[in-house]
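Novice: Pasting in a structure now, in structure tokens, and then I'll have a few things to ask.
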Amino acid sequence: MKRTFTIKYISTTVLCLLFHTILGFGQQPDFDFSKDLLLVQFDYKTDIDDLHTAAGLATLLSHPDYKDLNYFAIAGTYGIQKGLYVPPNELMKLAFKQNWTDAHQNWETSVKLITNKACKIIDQGGAIWIAEAGQSDFTSDWVKNLAKNNPTLNIKEKIHVVQHSNWNESVTEPSNLEYVRSHTDYHKIPDGNEIGNGSPGFKSIKTVDWESKLRNAHLINVWNTAIRLGNQYNGKNGRYLNKSVAEGGLDFSDLSEVCYILNLMNIENENEFFTYFKVD
């Protein structure tokens, strides 16, 4: 009986390990705060959830533990989905000041900018971690550019991509998705829209009491701006209707990828997030 139990136990463990490996979720990230760069790439088309995600990222960055995090944000990194763009520039400027670029208006310029930033980080011994808050078309373009300019570079060792959404993958141009999956260190984590699946679930169906936990005037302004813009564009002119937001909730589900990169997967939901990142 003991032998049978041991065999079953080992078999279950192996199956779990294989399952997590297939998802790209088994290997824990090793972000080096001293030399790595975090890129957060927002598609802003056509769901307004990225507005809330940007506010969530600003909240994280305001915490003392992450105030020196080397990051850069990109707006407009959408794929082949149809529908109107959600204009985020007011929020991006407020949340990130000069530390972002507008790929919606200047795709090629943004590709070159990120390529140059990546080169500098890699030359200094660091790596790039990408929170794919959207599709992988932009990533494909700048990584191809990086590879072209550095033919001997081990891309898989230096470029780490994190994706949580099946839908995001489905509206990435197929050849671009295949390139990123095969050429970078690609991590697919459980969907951040759900709770209890291994990723933080940052999509609420009820009003979230965030103001009582964020007494910082700047962050309150950031969140109020994100919520106002979200309500302004949610479901308008054929854009996707985010029902959770329409009912007064929040949706910063794409921030689950940042949590994965920074080893914050123990945060279960949006209430725990605001408790964790309480800033006065």
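Novice: Would you call residue 155 among the hydrophobic types (A, V, I, L, M, F, W, C) and either within 20 Å of residue 122 (Cβ to Cβ) or outside the structural domain of residue 111 (by TED's automatic domain parsing) (or both)?
Specialist: yes
Novice: Please return the ranges of strands (runs of 3 or more DSSP E) entirely within region 127-213 where 2 or more residues are within 15 Å of the chain's Cα centre (by Cα) and under 13 Å from residue 41 (Cβ atoms).
Specialist: Per the criteria, 128-133, 159-163.
Novice: Looking at (1) within 29 Å of residue 84 (Cβ to Cβ); (2) not in a helix (DSSP H, G or I); (3) not β-branched (Val, Ile, Thr), which one does residue 231 not meet, given that it meets all the others?
Specialist: (2)
Novice: Conditions: (1) within 27 Å of residue 244 (Cα to Cα); (2) in contact with a Lys or Arg (Cβ under 8 Å, 6 or more places away or on another chain); (3) in a helix (DSSP H, G or I). Residue 121 meets all but one. Number of the miss?
Specialist: (1)
Novice: For residues in region 77-114 being surrounded by 24 or more Cβ atoms within 10 Å (Cβ to Cβ) and small (Gly, Ala, Ser), which is nearest to residue 35 (Cα to Cα)?
Specialist: So the residue we want is 95.
For every residue, the table says whether it meets (1) in contact (Cβ under 8 Å) with a residue 60 or more places away in the chain; (2) part of a strand (DSSP E or B); (3) of a type in the set (Lys, Arg); (4) closer than 22 Å to residue 193 by Cβ.
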site	(1), (2), (3), (4)
32	yes, no, no, no
38	yes, yes, no, yes
61	no, no, no, no
77	yes, no, no, yes
83	yes, no, no, yes
98	no, no, no, no
108	no, no, no, no
113	no, no, no, no
116	no, no, no, no
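The values are calculated or read from the model by the stated rules, or taken from the named source; none is laboratory data. Treat the numbers as computed from the prediction; the structure is a model and nothing was measured. With ideal geometry, Cβ positions are generated from the backbone for all residues, glycine too; neighbour counts draw on all protein chains shown.
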